[in-house]
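Visitor: Once you've had a glance at the structure underneath, I'll fire off some questions.
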Amino acid sequence: DANTAPNERHIPPEKRSQFIDRIRLSGAVGKAEVTALVDDNESYSLAFEIADALRDAGWSVTGPNRSIFSGPPVRGVILTVRDAHAIPPGTTELLHALEWVGIEPTKAEDDRLAVSGVSIVVGSLPQ
């Protein structure tokens, strides 16, 4: 139905405490930068929920920031590390926690990132 708004993505409130527990499983305190699209309130809302939960899990978090991305549209959630062969502590648990609440991040590498950090970009709703 063209008149129905698309579903918004959320960390379900009833799963939030378990989401945080899953992130804490490694015992590692991670560092994350969380970014949303500048003109997308749904993206920002999910980015805020992720950043807030990470802070409650003890992580050092920057953001959520709003940014403009050049190139093709940014869709879904993108979890980026510097080197997939040297994943920062806690990142695997974060990935599994996101998947557990129904968010399937795209995994990426970027050698401009700090070795110890992870970047989480929340793009628009996947089509």
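The values are calculated or read from the model by the stated rules, or taken from the named source; none is laboratory data. From a predicted model like this one, the values you see are computed outputs, not experimental measurements. Virtual Cβ from ideal backbone geometry, glycine too; neighbours counted across all protein chains shown. What goes into the accessible areas is simple: the full protein's heavy atoms, side chains included, and nothing from ligands, DNA or RNA. Shrake-Rupley method; radii C 1.70, N 1.55, O 1.52, S 1.80 Å.
Visitor: Starting from the amide H of S124, placed 1.01 Å from N in the peptide plane, find each other amide H under 5 Å away whose residue is 5 or more places distant or on another chain.
Guide: Long-range HN contacts for S124: V74, R75, G76.
Visitor: Compute the helix-to-body angle for 91-100: its Cα long axis versus the longest principal axis of the chain, expressed 0 to 90° and rounded to tens.
Guide: The two axes meet at around 40 degrees.
Visitor: A further question follows. Tell me, what is the percent relative contact order of the chain, built from C-alpha pairs under 8 Å that lie six or more residues apart?
Guide: 35 percent
Visitor: Which value, in debye to the nearest 20, describes the size of the charge dipole of the chain about its Cα centre when Lys and Arg Cβ atoms bear +1, Asp and Glu Cβ atoms bear -1, and nothing else is charged?
Guide: In debye, rounded to 20, the chain gives about 280.
Visitor: Output wanted: per-residue J couplings in Hz (rounded whole) for segment 60-74, from phi through Karplus 6.51 cos²θ - 1.76 cosθ + 1.60, θ = phi - 60°, x for Gly and Pro.
Guide: Going residue by residue, I get 8, 10, 9, x, x, 8, 10, 9, 9, 10, 8, x, x, x, 8 Hz, with x marking Gly and Pro.
Visitor: Using amide H atoms built in the peptide plane, which far-off residues or other-chain residues are under 5 Å from R66 H to H?
Guide: It is A36, by chain and number.
Visitor: Expressed as an acute angle from 0 to 90° and rounded to the nearest 10, what is the orientation of the C-alpha long axis of helix 41-56 relative to the principal long axis of the chain?
Guide: 20 degrees
Visitor: Read through the labelled values (1) 1.32; (2) 0.96; (3) 1.00 and report the label of the one computed as Rg/Rh (Cα atoms, Kirkwood Rh) from the structure.
Guide: (2)
Visitor: Just going by the charge dipole of the chain, with Lys and Arg at +1 and Asp and Glu at -1 on Cβ, which of W100, A86, I120 is farthest out on the positive end?
Guide: In the chain, that residue is A86.
Visitor: Could you tell me what percent of the DSSP beta bridges with both partners in the chain are antiparallel, to the nearest 5?
Guide: 25 percent
Visitor: Heavy-atom accessible area per residue, the chain, 1.4 Å probe: how many Å²?
Guide: 57 Å²
Visitor: How many percent of the accessible area of segment 27-127 is carbon or sulfur, using a 1.4 Å probe?
Guide: In segment 27-127, the share of accessible area belonging to carbon and sulfur is 51 percent.
Visitor: With θ taken as phi - 60° and the coefficients 6.51, -1.76 and 1.60, list the Karplus ³J(HN,Hα) couplings across segment 105-110 in order, rounded to whole Hz; mark glycine and proline as x.
Guide: Per-residue couplings from phi come out as x, 7, 9, 9, 10, 8 Hz.
Visitor: Would you mind calculating the relative contact order of segment 1-75 from Cα pairs under 8 angstrom and at least 6 residues apart, reporting the percent as a whole number?
Guide: Answer for segment 1-75 is 34 percent.
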